[in-house]
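Structure first, then comments.
The values are calculated or read from the model by the stated rules, or taken from the named source; none is laboratory data. All figures in this text were calculated on a predicted structure; none of them were measured in a lab. Every residue, glycine among them, receives a Cβ derived from its backbone with ideal geometry; neighbour counts consider all protein chains shown.
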Amino acid sequence: MRAIVSLLVVAAACLALVLVASPAWAPWLKALHVVAVISWMAGMLYLPRLFVYHCGVAAGSEASETFKVMERRLLRAIINPAMVVAWIVGLWLAWVAFRFQGGWLHAKLALVLVLSGLHGHFSAAVRAFAEDRNTRSARYWRIMNEGPTVIMVLVVILVIVKPF
Ligand code: HEM
């Protein structure tokens, strides 16, 4: 409940910011967007790695309980709020600077939707691990770890090079 309230507070603060922002603030909001994206990606790259290690310890062991705390805190304190800020400020930039036009932007949005789907999958896994009912193997989570990496590389090329 506390996590949901703090997420709503972050979303409300961010929405208020983009509602009052003038286009002249774009460089500052772009800086905020990049900070949010770095935090989101750091968590999305680390969380499946924690799942790999978590698969290797017995349910109910001290190590398993420690992984549960690490996974929950990483998701709630870093990954969720960072994603909310990245989306709200990113959509503001997409409208103010580009009026949602551009092939690179459409491709980027499609990739970020896939990334957000992976985010949902990882959140569900945090709940499954917390209740000792994860059925997926360490190999599965090792493969899943590559998803955010590949998406990040493609998104950064799209947004910097703007090839189309
Ligand atoms: C959450 C949805 C997202 C939206 C709607 C969005 C949209 C945007 C827009 C419109 C810009 C301004 C581009 C420009 O001025 O040339 C931008 C900048 C940027 N975005 Fe995103 N973005 C999102 C997520 C991401 C993600 C996930 C990453 C990286 C993995 C990312 C990396 C960047 C970077 C590095 C810049 C700065 C580019 C520059 O130097 O101008 N964004 N984003």
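Leu118: within 16 Å of the ligand (Cβ to nearest atom), out of contact with any His (no Cβ under 8 Å at 6 or more places or on another chain) and closer than 23 Å to Val10 by Cβ, yes or no? Yes: the conditions hold for Leu118.
Inspect the range 35-43 for any residue being more than 8 Å from the ligand (Cβ to nearest atom), in contact with a Ser or Thr (Cβ under 8 Å, 6 or more places away or on another chain) and more than 19 Å from Ala13 (Cα to Cα) and give the result as yes or no. No, the range 35-43 contains no residue that is more than 8 Å from the ligand (Cβ to nearest atom), in contact with a Ser or Thr (Cβ under 8 Å, 6 or more places away or on another chain) and more than 19 Å from Ala13 (Cα to Cα).
Restricting the search to the range 52-74, which residues are under 12 Å from Ala130 (Cβ atoms) and among the aromatic types (Phe, Trp, Tyr)? Hit for the range 52-74 is Phe67, nothing else. Might you check whether a residue that is modelled with pLDDT under 95, aliphatic (A, V, I, L, M) and within 16 Å of the ligand (Cβ to nearest atom) occurs anywhere in the range 151-160? Within the range 151-160 (the criterion being modelled with pLDDT under 95, aliphatic (A, V, I, L, M) and within 16 Å of the ligand (Cβ to nearest atom)), the answer is no, since none of the residues qualifies.
Answer yes if at least one residue in the range 66-76 is among the hydrophobic types (A, V, I, L, M, F, W, C), more than 10 Å from the ligand (Cβ to nearest atom), under 18 Å from Ile151 (Cα atoms) and within 14 Å of the chain's Cα centre (by Cα), and no otherwise. Outline the logic, then answer.
Quick first cut of the range 66-76, residues among the hydrophobic types (A, V, I, L, M, F, W, C) only: 67, 69-70, 74-75.
Still in the running and more than 10 Å from the ligand (Cβ to nearest atom): 67, 69-70, 74-75.
Add one more test, that the residue is under 18 Å from Ile151 (Cα atoms), and what stays is none.
Scanning the range 66-76 turns up no residue that is among the hydrophobic types (A, V, I, L, M, F, W, C), more than 10 Å from the ligand (Cβ to nearest atom), under 18 Å from Ile151 (Cα atoms) and within 14 Å of the chain's Cα centre (by Cα).
Here Val96 meets the list (1) near the ligand (Cβ under 10 Å from one of its atoms); (2) modelled with pLDDT of 95 or more; (3) over 28 Å from Ala3 (Cβ atoms) almost entirely, failing just condition (2). Take the conditions (1) within 10 Å of the ligand (Cβ to nearest atom); (2) over 24 Å from Phe51 (Cβ atoms); Ala82 misses just one of them, which is (2).
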